[in-house]
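Participant: Have a look at the structure that comes next, please.
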Amino acid sequence: MNSRISRRRFVAGAAAASFLAGCDSYPVKTFLLAMKDWNAGCEAALFSPARTAPELPESATTPEAAFPEYFISDDAPDVPPNWFLTVGGLVERPGRFTLAELRAMTQTSMRVRHHCVEGWSAVASWQGVRVSEIARAAGLKPGVRHVEFRSFDSGYWSSWDLPSATHPQTLLAWGMNGHPLTTGHGAPLRVYSAVKLGYKMCKYLTEVNFLAENTGGYWENQGYDWFGGV
Amino acid sequence: MSDARDQQAKFRRQQPLPIRFVHWCNALFIVLMAGSGLQILTAYPYLGPRGALYRWYPLQGVAPPSWLTVGGWLAGGRHWHFAIAWFFVLNGLVYLAYLFASGEWRRRTFIPARDAAPAVAQFLYYARLRKSPPPAGFYNGLQRLAYSSIIIIGVAMTLSGLAIYKPVQLHFLTMLFGGYDGARVVHLAGLALIALFVATHLVLVALHPREILAMITGGKRE
């Protein structure tokens, strides 16, 4: 009886182990990666530059204390002294922008729903300059297909497809709910977009680079979907 | 229905091959979809937007047990979920196409005028409020109700899933479910109903093991 039980246990254990091993096996990984690529293509095909997220009324705003902050450093990183934004890559006029210079450009404010990859949603209004304005100011050279955002948050970065980055609801935001960004929400400047998941919106910005190649991203290189659209 | 098709249907097995094929594919897909879905839920096991969680939901903050999850972490769960989703939908479409093309729908789907009264009688029989079961065809009224409801739940799961996946690009769909957080409620409620269906289904086939055999071999020709 005892030996029968242990044998049965052994068989069950071996079956469970081989199933678990199967989840990590080469064919399963290949299948999942192929489907991930296929889905990224479908996401890009479904994305319409003209489709905008609905603007929400002020009453829909999430209490700010309930809107999660996100950074990968141990503490919210402080703004470095003499901060400026560098715009580079395949552009006619690479340059630096101070916050005052960015705020002197055409401003956009929008109140939209935020969608996190974890499944939560929240609402705030965001004030800033459209990435498309920056692109126009810098003058894109032919061959630009991606936009890379870099930060002073322990090197966090994310690269985007050009159509999503130049969508009218993708901003370099300095303000949230009408006041300058707090340290926890990415001060002094962050990406905010209605058409991407939260992890694509790089905070604590230092650089915007218009590039030919896809340079991945902090979470994207660890396995999260690169397109990350909503 | 033509005489030839009538004749054909007469000699069809209890569970024709296409039905057996999609059934077992579906069993696998539902396990993978539910497991990877629970892995995704684990990342934020709450219902309702930030700052306004739904008070009526009793399981706020209760993550599903990890042995029920597939994918290992959030990104893995998402890869499984969005990979298998295609096959789940394709399989469902093959089933529906076969159901209607073959005429099988006549003996399987719930037609209220035909099946409502027998379904109630069958329920009363199971509840021991009625001594004998009502006369039944290939399936009884309750079976037809269950097998038709689960199709509608499958469609609702597909649409609410798309509404969560693309709340901006498919905004009209998201609005149909009362917004992003409403669509999450529908998607989780659908999972609960599927779990209830599967649990009942497993109990009933355990009580009628010959039906398992029919779903493997096809069973006798009717």
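Participant: For the structure I just gave you, tell me whether A:Ser121 is within 30 Å of B:Val186 (Cα to Cα) and touching a residue at least 40 places away in the same chain (Cβ under 8 Å).
Facilitator: So A:Ser121 does not fit the description; no.
Participant: Looking only at segment B:166-191, count how many residues are more than 8 Å from chain A (Cβ to nearest Cβ) and touching a residue at least 24 places away in the same chain (Cβ under 8 Å).
Facilitator: Final tally of qualifying residues: 6.
Participant: If you go through segment A:41-50 one residue at a time, how many are more than 10 Å from chain B (Cβ to nearest Cβ) and either touching a Phe, Trp or Tyr at 6+ places or on another chain (Cβ under 8 Å) or not in a helix (DSSP H, G or I) (or both)?
Facilitator: 3
Participant: Oh, and also: For the condition under 23 Å from A:Pro27 (Cβ atoms) and part of a loop (DSSP other than H, G, I, E, B), what is the one hit in B:Gly76, B:Gly48, B:Gly72? Outline the logic, then answer.
Facilitator: Working: B:Gly76 fails: part of a loop (DSSP other than H, G, I, E, B); B:Gly48 fails: under 23 Å from A:Pro27 (Cβ atoms).
So the residue among B:Gly76, B:Gly48, B:Gly72 that is under 23 Å from A:Pro27 (Cβ atoms) and part of a loop (DSSP other than H, G, I, E, B) is B:Gly72.
Participant: Could you please give the count of residues in segment B:29-59 that are closer than 18 Å to B:Val89 by Cβ and at the interface with chain A (Cβ under 9 Å from one of its Cβ atoms)? Outline the logic, then answer.
Facilitator: Our first condition is that a residue be closer than 18 Å to B:Val89 by Cβ; within segment B:29-59, this holds for B:29-37, B:40.
Okay, now just the ones that are also at the interface with chain A (Cβ under 9 Å from one of its Cβ atoms), so B:40.
Qualifying residue count, segment B:29-59: 1.
Participant: Which of the following residues is without any contact (Cβ under 8 Å) to a residue 24 or more places away in the chain and farther than 20 Å from A:Ala44 by Cα: A:Leu205, A:Leu172, A:Leu189, A:Leu181?
Facilitator: It is A:Leu181.
Participant: Exactly one condition in (1) crowded, with 21+ Cβ neighbours inside 10 Å; (2) in contact (Cβ under 8 Å) with a residue 40 or more places away in the chain is false for A:Phe97; which is it?
Facilitator: It is condition (2) that A:Phe97 fails.
Participant: Just checking, which of A:Ser125, A:Ser159, A:Ser121, A:Ser151 is closer than 20 Å to A:Thr206 by Cα, in contact with a helix residue (DSSP H, G or I) (Cβ under 9 Å, 6 or more places away or on another chain) and buried (at least 19 other Cβ atoms within 10 Å of the Cβ)?
Facilitator: Values: A:Ser125 fails: closer than 20 Å to A:Thr206 by Cα; A:Ser121 fails: closer than 20 Å to A:Thr206 by Cα; A:Ser151 fails: in contact with a helix residue (DSSP H, G or I) (Cβ under 9 Å, 6 or more places away or on another chain).
Result of the check over A:Ser125, A:Ser159, A:Ser121, A:Ser151: A:Ser159.
Participant: Sticking with this one: Can A:Thr30 be described as modelled with pLDDT of 85 or more, surrounded by 10 or more Cβ atoms within 10 Å (Cβ to Cβ) and either in a helix (DSSP H, G or I) or touching a Phe, Trp or Tyr at 6+ places or on another chain (Cβ under 8 Å) (or both)?
Facilitator: yes
The values are calculated or read from the model by the stated rules, or taken from the named source; none is laboratory data. Remember, predicted model here, so these are calculated numbers, not experimental data. Here Cβ is always computed from backbone atoms with ideal geometry, including for glycine, and neighbour counts include all displayed protein chains.
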